[in-house]
Structure formats: C-alpha cells, structure tokens
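Accompanying notes for the structure given below.
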Amino acid sequence: MPEELNDLSGPFNPNLTFDMFSKEFLLKLMQVWQYAWLHMSECWYRAVERRFGREAADACEPEAWCNMAERVNPRYAKVGNIPLKTVVDSMKAIQLPLDNTTGGLYPMIPEVINENHVIWTIPRCRSLEFFEAKEPWRIKQVCHVNEKKVIERYLINRKIKVTPLKLPPRNSPDDIACKWEAVMTDEDQWGPYNETELK
C-alpha cells in the first residue's frame, strides 16, 4: 500500500483517487468544499438579484434549497444506513451534508425528549454572522421564511414538523443563533417545493 498523501506538492498523478489521501488532508479538503458550497449559494442568489431583483432572488432561494434537499439528502441516509423511522434517525441524517451540524458551520446542541421529539440549539451560525455584519436585511427572509422549509427537507422524513423556538435578530453576539423543535406527526408537513408540484 503506497503512503497516504498529505498534499499534492509531488509529481502530477493522472490516476489520482480520493483513497490515496490521508484522513487529515481529506478533512482539510472537506472544509474547502463546505466553503465552496455556501459561497456558491450566495453567488447564485446575487446573480438572480442583479438580473431580476431581490424579490425574485428571495423566491428562488428556498425553492432551490428545498429541491436540492429532496433530491440529494435521501442519499446521505442511504450511505449512512439510517432507517429514517424516527426524528432521532433524521437528526443523524443532518450530520452528513456539507452544511451539516457536526462541524464548525452550524454546531448543534441536541436535547432528545424521546426518539420522536427533539429540541436543538445552534449556538453559533456562520451564515447569521455574515448577515449580521454585511446584510442584516436578509436575516428575516433566510431565518424566518426559508429555514423551516429547508430544515424539514434536510430531515428527509415528510412527517416531521419543525417549529422555530428562537430566531434572530440577537441582542448580543453572545446569544444563541437559533433554537428549533422537531416532532413526528401523522401528516405530510412539506409545502409547495416538492418535485411533483414543480413538474
């Protein structure tokens, strides 16, 4: 077995594969992927806003995130062998996307009431910090309008109802970013951004 690579400072390898990298390098690379993922989101929002106005960009944003989550996020559950029968199962699933709750972007403090009732706190949110510093007018749209819909799609199970318990704006940078509750129900909770309604 060849030695794992910690960087690409050596000769060019046209047959390079990810399993040749060290764990440390892959973790560094994942952080860059995370940055690219969120930056791409901001870039397309800006492109729509420049061409068609803020109202159009605000309308497109949750639709894009919800459609992406509906198509992609079930794959995280599949690769993670997560059965998605309970709210706790779905909490496992949101630990896996690039914009996850396991790293420094959106760290989560969970309170598991039972397997179908979870409350979680996001003490620090990099997106909120960006909006507070650069674009405070986006907080209401992103945090109050988009986020509930997007979180429900990220949890994958259509019967999980998500309720915000605390949302920005914050009184101080030391305050938590937000707090949410997820409860299993008997009804489909998803709104108009599912693929069948868009066809």
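The values are calculated or read from the model by the stated rules, or taken from the named source; none is laboratory data. Worth saying up front: this structure is predicted, and the values here are computed from it rather than measured. Heads up, the Cβs are rebuilt from the backbone with ideal geometry, glycines too, and the neighbour counts pull from every protein chain shown.
Read through the list (1) of a type in the set (Lys, Arg); (2) more than 24 Å from residue 82 (Cβ to Cβ); (3) not in a helix (DSSP H, G or I), then give the number of the only condition that residue 158 fails.
With respect to (1) of a type in the set (Lys, Arg); (2) more than 24 Å from residue 82 (Cβ to Cβ); (3) not in a helix (DSSP H, G or I), residue 158 is out only on (2).
Can you tell me how many residues in the stretch 3-14 are within 22 Å of residue 30 (Cβ to Cβ) and part of a loop (DSSP other than H, G, I, E, B)?
Adding up the residues that qualify gives 8.
Pick from the stretch 161-173 the residues that are modelled with pLDDT of 95 or more and part of a loop (DSSP other than H, G, I, E, B): which of them is surrounded by the fewest Cβ atoms within 10 Å (Cβ to Cβ)?
Checked the stretch 161-173; the qualifying residue surrounded by the fewest Cβ atoms within 10 Å (Cβ to Cβ) is 169.
A quick yes/no check of all residues on (1) farther than 30 Å from residue 56 by Cα; (2) touching a Lys or Arg at 6+ places or on another chain (Cβ under 9 Å); (3) free of Cβ contacts under 8 Å to residues at least 24 places away in the same chain:
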residue: 71; (1), (2), (3): no, no, no
residue: 82; (1), (2), (3): yes, yes, yes
residue: 88; (1), (2), (3): yes, no, no
residue: 99; (1), (2), (3): no, no, no
residue: 102; (1), (2), (3): yes, no, yes
residue: 105; (1), (2), (3): no, yes, no
residue: 112; (1), (2), (3): yes, no, no
residue: 139; (1), (2), (3): no, no, no
residue: 146; (1), (2), (3): no, no, no
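Quick check: is even one residue across the stretch 35-54 under 28 Å from residue 185 (Cα atoms) and in contact with a helix residue (DSSP H, G or I) (Cβ under 7 Å, 6 or more places away or on another chain)?
no
Can you spot a residue in the stretch 6-15 that is more than 28 Å from residue 104 (Cβ to Cβ), surrounded by 13 or more Cβ atoms within 10 Å (Cβ to Cβ), modelled with pLDDT of 95 or more and not hydroxyl-bearing (Ser, Thr, Tyr)? Break it down stepwise before answering.
The first filter runs over the stretch 6-15 and keeps only residues more than 28 Å from residue 104 (Cβ to Cβ), leaving 10-15.
After this cut, where a residue has to be surrounded by 13 or more Cβ atoms within 10 Å (Cβ to Cβ) as well, the list is none.
Taking every residue of the stretch 6-15 in turn, none turns out to be more than 28 Å from residue 104 (Cβ to Cβ), surrounded by 13 or more Cβ atoms within 10 Å (Cβ to Cβ), modelled with pLDDT of 95 or more and not hydroxyl-bearing (Ser, Thr, Tyr).
What number of residues within the stretch 71-87 satisfy the criterion of being part of a helix (DSSP H, G or I) and small (Gly, Ala, Ser)?
Result for the stretch 71-87: 1.
Could you list, in sequence order, the residues of the stretch 93-140 that are under 20 Å from residue 159 (Cα atoms) and in a strand (DSSP E or B)?
Matches in the stretch 93-140: 110, 111, 112, 113, 114, 117, 118, 119, 120.
Would you pick out the residues in the stretch 1-43 that are in contact (Cβ under 8 Å) with a residue 12 or more places away in the chain and over 27 Å from the mean Cα position of the chain (by Cα)?
Passing the criteria: 2, 4, 5, 6, 7, 20.
One line per residue, one yes/no per condition, for (1) within 18 Å of residue 127 (Cα to Cα); (2) modelled with pLDDT under 95; (3) acidic (Asp, Glu):
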{"residue": "35", "(1), (2), (3)": "yes, yes, no"}
{"residue": "38", "(1), (2), (3)": "yes, yes, no"}
{"residue": "41", "(1), (2), (3)": "yes, yes, no"}
{"residue": "46", "(1), (2), (3)": "yes, no, no"}
{"residue": "52", "(1), (2), (3)": "no, no, no"}
{"residue": "55", "(1), (2), (3)": "no, no, yes"}
{"residue": "82", "(1), (2), (3)": "no, no, no"}
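Does residue 91 satisfy being closer than 25 Å to residue 129 by Cβ, touching a strand residue (DSSP E or B) at 6+ places or on another chain (Cβ under 6 Å) and modelled with pLDDT of 95 or more? Quick ask: steps written out before the conclusion?
Working: closer than 25 Å to residue 129 by Cβ: yes; touching a strand residue (DSSP E or B) at 6+ places or on another chain (Cβ under 6 Å): yes; modelled with pLDDT of 95 or more: yes.
Taking the combined requirement at face value, the residue satisfies it.
Based on what the data block shows, is residue 46 surrounded by 13 or more Cβ atoms within 10 Å (Cβ to Cβ), more than 30 Å from residue 113 (Cα to Cα), without any contact (Cβ under 8 Å) to a residue 60 or more places away in the chain and not hydrophobic (A, V, I, L, M, F, W, C)?
Judged against the criteria, residue 46 is not a match.
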